[in-house]
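Quick notes on the structure that follows.
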Amino acid sequence: MVKAKSWVMAKHFDGFPKKSDFGLKVEEFPEPKDGEVLLEAVFLSVDPYMRPFSKISMKEGDVMIGSQVAKVIQSKHPEFPVGSHVVSNSGWRTHTLSDGTGLTPILPEWPKDMSLSLALGAIGMPGLTAVYGIEEVLGLQKGETLLVNAAAGAVGSVVGQIAKIKGCKVVGSAGSDAKVAYLKELGFDEVFNYKTVGSLEEALRKASPEGYDCFFENVGGPSSFVALQQMKNFGRIAVCGSISTYNDSEPQTGPYPYFTMIIKELKMEGFLITRWQHKHPETLRRLLAWVKEGKLQCREHVTKGFENMPAAFMGMLQGENIGKAVVAV
C-alpha cells in the first residue's frame with residue numbers, strides 16, 4: 001500500500017485564493033491491477049488557468065486540477081515500464097493509479113542532462129500554447145511586429161523567443177525591472193515595466209511608433225483596450241489568457257473595443273491548444289530541438305515541497321515567477 005497525498009479545493013475561491021481554501025487529503029492506494037500503473041509525482045505545475053477553470057470544472061472537495069511529470073513506480077501495463085516518466089493530468093497528487101489513459105510519455109530523445117520539469121513548461125503545455133498562438137491563430141510572418149504582455153511568464157517568454165526565431169520585431173510588457181532585464185537577455189527588441197511607465201499608451205507608441213501587426217494577449221482588462229488602439233489596420237490578436245480578471249469577485253465591464261476593431265478591421269480569436277492535439281508530438285519535438293540548439297532559453301521558478309503547492313499557486317498568481325512556475329516534490 002502507498003500513502004498518497006492530494007490537495008483539494010475545500011472551498012470555491014472568492015476573490016484571490018486563500019490558504020484556507022485548500023485542504024490536504026491522505027489516502028492509501030492498493031497494488032495496480034492488470035492494465036494499471038502507479039505513478040509518483042516528480043514535478044507539478046501551477047498555472048493561471050487553474051484559477052478560472054476551478055470555477056467551471058470543479059466542485060468543492062475535488063482534487064485541484066493540473067499536470068505533472070510523474071515516474072512509473074509500479075506497472076502492470078506493457079506501454080509504461082517501471083522507471084519511465086510521463087506527463088499526466090492527475091492534478092495536485094503525490095501518487096496516481098492510472099489505466100494509461102491520457103498519459104504522455106516523455107520524448108525518447110529527451111537529453112539526460114535536461115530537467116524533466118521542462119515538459120511542464122517550454123517543452124510542454126506553455127510551449128504548445130506559444131506555437132499554436134503564433135502559427136495557427138496569428139499567422140505571424142517574418143518582418144512583422146508582435147506585442148506580448150505578461151511577457152516574462154511561462155507562455156509569454158516562449159512567445160517572444162519564437163517570434164525572434166521567425167525574424168520578427170518583439171515588444172514585451174512585464175511587471176518588474178527584473179523581468180524587463182530578463183526579457184532583454186532573451187533578445188526582445190523593446191521591453192517596458194507597465195507598473196512604472198507614466199503612460200501605457202506612450203510606452204507602446206515609443207516601443208513601436210508604426211504600430212503592431214500582432215498582439216499575443218495574456219492579461220485582459222483595461223490595459224488591453226489601450227493596446228488595441230496601437231494595432232495596425234488588419235492586425236491580429238490571439239487571446240490566450242486574461243489573468244488580470246481571474247480573481248475578480250464581480251466580472252469587469254468595458255471598456256469595449258468594438259469600434260476600434262471595426263475601424264482598423266482587426267481580427268481577434270480566443271484559443272485552446274486541444275484544437276491542435278494531433279500536432280502535439282511534432283510540435284514538442286520542434287520545441288525540444290530549439291532548446292537543444294540554444295535558440296529557446298528556459299527559466300523556471302521552482303518551489304520545493306508538495307506541502308507548498310498552495311503557496312506556489314498563489315505566488316504565481318501574484319506574478320512572483322519569472323518563467324515557468326513548478327513545484328519539485
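Structure data summary
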item: Selected residue (criterion: nearest to P17 (Cα to Cα)) from residues of segment 49-82 that are part of a loop (DSSP other than H, G, I, E, B), touching a Ser or Thr at 6+ places or on another chain (Cβ under 9 Å) and not charged (D, E, K, R); result: M64
item: Boolean, K71 is of a type outside the set (S, T, Y) and either within 25 Å of L288 (Cα to Cα) or in contact (Cβ under 8 Å) with a residue 60 or more places away in the chain (or both); result: yes
item: L118 being within 29 Å of E269 (Cα to Cα) and either in contact with a Gly (Cβ under 7 Å, 6 or more places away or on another chain) or modelled with pLDDT of 95 or more (or both); result: yes
item: Among the candidates G61, G35, G102, G83, residue that is open to solvent by 20 Å² or more (accessible area, probe 1.4 Å), touching a residue at least 12 places away in the same chain (Cβ under 8 Å), touching a His at 6+ places or on another chain (Cβ under 6 Å) and not aromatic (F, W, Y); result: G35
item: Unmet criterion (only one of (1) in contact with a Gly (Cβ under 8 Å, 6 or more places away or on another chain); (2) closer than 22 Å to Q141 by Cβ; (3) in contact (Cβ under 8 Å) with a residue 24 or more places away in the chain; (4) open to solvent by 20 Å² or more (accessible area, probe 1.4 Å)) for E190; result: (3)
item: Identity of the residue in segment 3-48, among the hydrophobic types (A, V, I, L, M, F, W, C) and part of a loop (DSSP other than H, G, I, E, B), that ends up nearest to P310 (Cα to Cα); result: V46
item: All positions within segment 138-165 that are open to solvent by 10 Å² or more (accessible area, probe 1.4 Å) and over 14 Å from L296 (Cβ atoms); result: G139, L140, Q141, K142, G143, E144, N149, A150, G153
item: Criterion: under 14 Å from the mean Cα position of the chain (by Cα) and either of a type in the set (F, W, Y) or farther than 20 Å from I162 by Cα (or both) - qualifying residue of F306, F313; result: F313
item: Index of the failed condition, R205 passing every other in (1) crowded, with 16+ Cβ neighbours inside 10 Å; (2) closer than 18 Å to A151 by Cβ; (3) of a type outside the set (V, I, T); result: (1)
item: Count of segment 208-229 residues which are within 20 Å of V158 (Cβ to Cβ) and free of Cβ contacts under 8 Å to residues at least 40 places away in the same chain; result: 1
item: Flag for T96 being in a strand (DSSP E or B) and touching a residue at least 40 places away in the same chain (Cβ under 8 Å); result: yes
item: Search result, residues across segment 103-118 that are among the hydroxyl-bearing types (S, T, Y) and either over 22 Å from G35 (Cα atoms) or part of a loop (DSSP other than H, G, I, E, B) (or both); result: S115, S117
item: Boolean, G127 is open to solvent by less than 20 Å² (accessible area, probe 1.4 Å) and either within 27 Å of L284 (Cβ to Cβ) or in contact (Cβ under 8 Å) with a residue 40 or more places away in the chain (or both); result: yes
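The values are calculated or read from the model by the stated rules, or taken from the named source; none is laboratory data. In this text, all values refer to a predicted model and were calculated from it rather than measured experimentally. Here the Cβ is made from the backbone with ideal geometry for all residues, glycine too, and neighbour counts use every protein chain on show. Just the protein is used for accessible areas: all its heavy atoms, side chains included, with ligands, DNA and RNA removed. Shrake-Rupley method; radii C 1.70, N 1.55, O 1.52, S 1.80 Å.
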